[in-house]
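**Q** Attaching a single structure in structure tokens format; questions to follow.
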Amino acid sequence: MLRVLGCVFGQHDLRLVAVAAGLCLLACATALTMIARARAAGRGRARLQWLAGAGAVAGCGIWATHFVAMLAYRSGLPVGFDTGLTILSALIAMTLCGLGFALAVRVNGALGGVITGSAISAMHYTGMAAVRLPAHAVWDVAYVTASVLIGVCLSGLALHFALRRRGVHDYGIAAGLFVLAIVGAHFTGMTAVHFIPDGSVAAGHLNMDPFALAVVVAASAAFIVSQGMVVAVLDRHLAMRARGEAARMRAHIAELESAQTALQKTSADLGVALDKAAEASRSKSAFLASMSHELRTPLNAVIGFSDAMRAELFGPLSARYKGYAADIQQSGSHLLALINDVLDLSRLEASQAVLQEEKFDIAELIEEVMRMMGPQAGKAGLNLQADVAPELPVLRADRSRIKQILINLAANAIKFTPEGGQVRLAAHRTASALSLIVSDTGIGIAQEDIPRAMERFGQVDTSLARKYEGTGLGLPLSRQLAELHGGQLILGSAPGVGTTVTVTLPRDRLVLRGLPAAVA
């Protein structure tokens with residue numbers, strides 16, 4: 001050991017020794033980093049490329065360390081190098097390092113390290129053979145053997161620690177052992193040789209100063225090796241980023257799958273709830289229809305008997321009792337109308353309503369409605385008008401249902417129009433439909449309250465419900481009757497201006513006068 005240290009400090013330019021050691025450390029660290037990337041790449045072409053790159057970087061670093069250290073050697077004689085053997089030494093280092101790294105990754109770290117140590121020794125002694133001095137070399141076999149063992153053993157340990165995967169400290173130990181293997185093998189090998197001047201041996205010649213050449217070689221090798229380090233570090237960064245993105249993507253997918261499962265469960269629960277609600281609605285409608293039917297029979301009897309009492313069929317009544325009979329008849333008729341509306345709405349919701357279609361003149365129907373609603377409008381102090389276009393086609397529909405629509409709409413218009421106002425019933429034909437329009441100059445409805453007015457039993461507000469009689473069934477019932485005919489009901493209104501309700505019936509329900517069939 002003392003002899004080796006004496007060789008290093010006594011026969012070498014320590015500045016270049018330091019440069020060689022730094023270059024060796026960079027090359028070892030880069031090579032181990034690239035080996036780690038090869039392992040992370042898995043089996044295949046990418047792994048081979050990383051291993052080949054690691055072998056090239058390590059071989060370049062080992063060769064450059066040896067060459068710079070050789071230029072640092074001070075023999076006192078002119079020195080030169082054989083170009084062919086110098087190139088061969090570099091190729092040996094790169095090739096055997098690549099092979100050693102491949103064996104280390106695929107088989108065993110120690111075995112790969114032995115091959116890599118052999119690369120160090122083979123490169124060193126091939127490089128020594130390339131040295132041209134006017135002297136002949138005398139070798140100490142023991143130190144030669146020691147240099148080979150140092151390179152092989154320490155390289156084996158280095159790759160063993162590098163491939164253990166037990167933390168960053170193993171990486172540091174591996175890099176340190178790899179540097180000691182290269183530096184130790186080189187300087188032990190340099191201690192093994194002694195040059196004896198011999199004038200018969202041709203001297204070599206360098207075209208530039210050894211120190212300058214060492215700096216150029218070290219800088220070039222450092223640039224090559226650093227490129228490998230940059231590529232390895234960048235690839236590691238991108239791989240970690242890709243793993244992070246993959247983890248986030250998996251977490252996002254898991255979250256989406258969880259949300260999808262929750263949505264499917266919610267959807268299934270909503271479906272069950274909707275089915276139950278629909279069943280409950282059907283049961284309610286059936287119940288209302290049954291109860292309405294049961295209520296109509298006694299109500300008809302009450303109305304009939306009150307009519308008989310008012311007519312004094314069974315004897316004269318006092319004015320007081322005749323008034324009571326009139327009140328009974330009026331209240332019974334109001335209640336019967338309400339029950340009829342509930343019954344009709346229940347049948348429509350239960351899809352039990354059947355249209356009794358016939359052909360009729362819509363102008364005659366509107367005139368009939370005008371006669372029915374005229375006394376009610378006159379009592380309210382309203383002007384009831386009709387606006388029917390001439391020569392309207394005959395309408396094919398359920399006459400009683402269309403009449404019910406017009407009566408409901410006219411009754412609503414009269415109910416919500418102050419004294420002195422106007423109610424108008426109109427019928428016009430458009431290009432695609434027949435429009436039945438009931439408009440008034442009444443109190444109107446705010447735009448946001450229109451949906452509520454179209455609901456069953458809907459009232460715009462409780463004050464209206466108290467001020468104006470009614471159940472709120474007229475509009476929804478009329479809309480469903482219009483839809484049953486394939487048409488629609490449109491409500492337009494503005495507070496203080498009035499309300500316009502338009503019922504449109506499709507064109508295929510119109511029959512030209514004089515033709516036996518409907519014209520589509």
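**Q** Under 6 Å between Cβ atoms, which residue pairs at least 6 apart in sequence (or on different chains) link something in the range 56-72 that is modelled with pLDDT under 90 with a partner that is surrounded by fewer than 24 Cβ atoms within 10 Å (Cβ to Cβ) and outside any helix (DSSP H, G or I)?
**A** Listed pairs, sorted by first residue: ALA72/HIS12; ALA72/ASP13.
Yes/no matrix, rows are residues, columns are (1) at pLDDT below 80; (2) in a helix (DSSP H, G or I); (3) surrounded by 15 or more Cβ atoms within 10 Å (Cβ to Cβ):
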{"residue": "GLY228", "(1), (2), (3)": "no, yes, yes"}
{"residue": "ARG243", "(1), (2), (3)": "no, yes, no"}
{"residue": "ASP269", "(1), (2), (3)": "no, yes, no"}
{"residue": "HIS293", "(1), (2), (3)": "yes, yes, no"}
{"residue": "ASN300", "(1), (2), (3)": "yes, yes, no"}
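**Q** Which of the residues that make up the range 310-359 are polar (S, T, N, Q) and at pLDDT below 70?
**A** Those that are polar (S, T, N, Q) and at pLDDT below 70: SER346, SER351, GLN352.
**Q** Give ASP307, ASP235 a once-over and let me know the one that is surrounded by 13 or more Cβ atoms within 10 Å (Cβ to Cβ), of a type in the set (Asp, Glu) and touching a residue at least 24 places away in the same chain (Cβ under 8 Å).
**A** Step by step, each of ASP307, ASP235 is checked, and only ASP235 is surrounded by 13 or more Cβ atoms within 10 Å (Cβ to Cβ), of a type in the set (Asp, Glu) and touching a residue at least 24 places away in the same chain (Cβ under 8 Å).
**Q** In the range 190-202, is there at least one residue being modelled with pLDDT under 80, assigned to a helix (DSSP H, G or I) and over 57 Å from the mean Cα position of the chain (by Cα)?
**A** Within the range 190-202, not a single residue is modelled with pLDDT under 80, assigned to a helix (DSSP H, G or I) and over 57 Å from the mean Cα position of the chain (by Cα).
**Q** Which one of the conditions (1) closer than 30 Å to GLY80 by Cα; (2) touching a helix residue (DSSP H, G or I) at 6+ places or on another chain (Cβ under 8 Å); (3) surrounded by fewer than 20 Cβ atoms within 10 Å (Cβ to Cβ) does GLY117 fail to meet, given that it meets all the rest?
**A** So the condition that GLY117 fails would be (3).
**Q** What about ALA110, is it of a type in the set (A, V, I, L, M, F, W, C), surrounded by fewer than 17 Cβ atoms within 10 Å (Cβ to Cβ) and either assigned by TED's automatic domain parsing to the domain that holds ALA36 or out of contact with any Phe, Trp or Tyr (no Cβ under 6 Å at 6 or more places or on another chain) (or both)? Lay out the reasoning, then the answer.
**A** On the way: of a type in the set (A, V, I, L, M, F, W, C): yes; surrounded by fewer than 17 Cβ atoms within 10 Å (Cβ to Cβ): no; either assigned by TED's automatic domain parsing to the domain that holds ALA36 or out of contact with any Phe, Trp or Tyr (no Cβ under 6 Å at 6 or more places or on another chain) (or both): yes.
No; evaluated as a whole, the condition is false for this residue.
**Q** Which number in (1) closer than 16 Å to ALA181 by Cα; (2) touching a helix residue (DSSP H, G or I) at 6+ places or on another chain (Cβ under 8 Å) marks the one condition that LEU5 misses?
**A** (2) is the only condition that LEU5 fails.
**Q** So which residues in the range 225-238 are within 21 Å of ALA56 (Cβ to Cβ) and aliphatic (A, V, I, L, M), if there are any at all?
**A** Selection gives VAL225, MET229, VAL230, VAL231, ALA232, VAL233, LEU234.
**Q** Something else now. Looking at ILE87, is it over 14 Å from GLY189 (Cβ atoms), within 53 Å of the chain's Cα centre (by Cα), surrounded by fewer than 21 Cβ atoms within 10 Å (Cβ to Cβ) and without any contact (Cβ under 8 Å) to a residue 40 or more places away in the chain? Can you show your working first?
**A** On the way: over 14 Å from GLY189 (Cβ atoms): yes; within 53 Å of the chain's Cα centre (by Cα): no; surrounded by fewer than 21 Cβ atoms within 10 Å (Cβ to Cβ): yes; without any contact (Cβ under 8 Å) to a residue 40 or more places away in the chain: yes.
Judged against the criteria, ILE87 is not a match.
**Q** Six or more apart or on different chains, Cβ atoms under 6 Å: show the pairs whose first residue is in the range 401-417 and touching a residue at least 40 places away in the same chain (Cβ under 8 Å) and whose second is surrounded by fewer than 24 Cβ atoms within 10 Å (Cβ to Cβ) and part of a helix (DSSP H, G or I).
**A** LEU406/VAL369; ASN408/GLY474; ALA410/MET373; ASN412/GLY474; ILE414/GLN376; ILE414/ALA377
Listed here are the residues, each with its yes/no results for (1) surrounded by 20 or more Cβ atoms within 10 Å (Cβ to Cβ); (2) under 58 Å from the mean Cα position of the chain (by Cα).
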residue	(1), (2)
LEU355	no, yes
ALA380	no, no
LEU392	no, yes
ASN408	yes, yes
THR417	yes, yes
VAL423	yes, yes
HIS428	no, yes
ALA431	no, yes
ASP449	no, yes
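**Q** Considering only the range 154-172, state which residues are assigned to a helix (DSSP H, G or I) and crowded, with 18+ Cβ neighbours inside 10 Å.
**A** LEU154, SER155, GLY156, LEU157, ALA158, LEU159, HIS160, PHE161, ALA162, TYR171
**Q** On the given criteria, is GLY80 in contact with a Cys (Cβ under 8 Å, 6 or more places away or on another chain) and under 14 Å from GLY127 (Cβ atoms)?
**A** Working: in contact with a Cys (Cβ under 8 Å, 6 or more places away or on another chain): no; under 14 Å from GLY127 (Cβ atoms): yes.
Judged against the criteria, GLY80 is not a match.
**Q** Looking at (1) at pLDDT 80 or above; (2) out of contact with any Phe, Trp or Tyr (no Cβ under 6 Å at 6 or more places or on another chain), which is the one condition that is false for LEU464?
**A** (1)
**Q** Name the one entry in TYR171, TYR143 that is assigned by TED's automatic domain parsing to the domain that holds ALA72, aromatic (Phe, Trp, Tyr) and touching a Leu at 6+ places or on another chain (Cβ under 7 Å). Steps first, please.
**A** Working: TYR143 fails: touching a Leu at 6+ places or on another chain (Cβ under 7 Å).
Only one candidate qualifies: TYR171.
The values are calculated or read from the model by the stated rules, or taken from the named source; none is laboratory data. Everything numeric here is computed off the predicted structure, so don't read it as measured data. Neighbour counts are summed over all protein chains in view; Cβ atoms, including those assigned to glycine, are modelled from backbone coordinates with ideal geometry.
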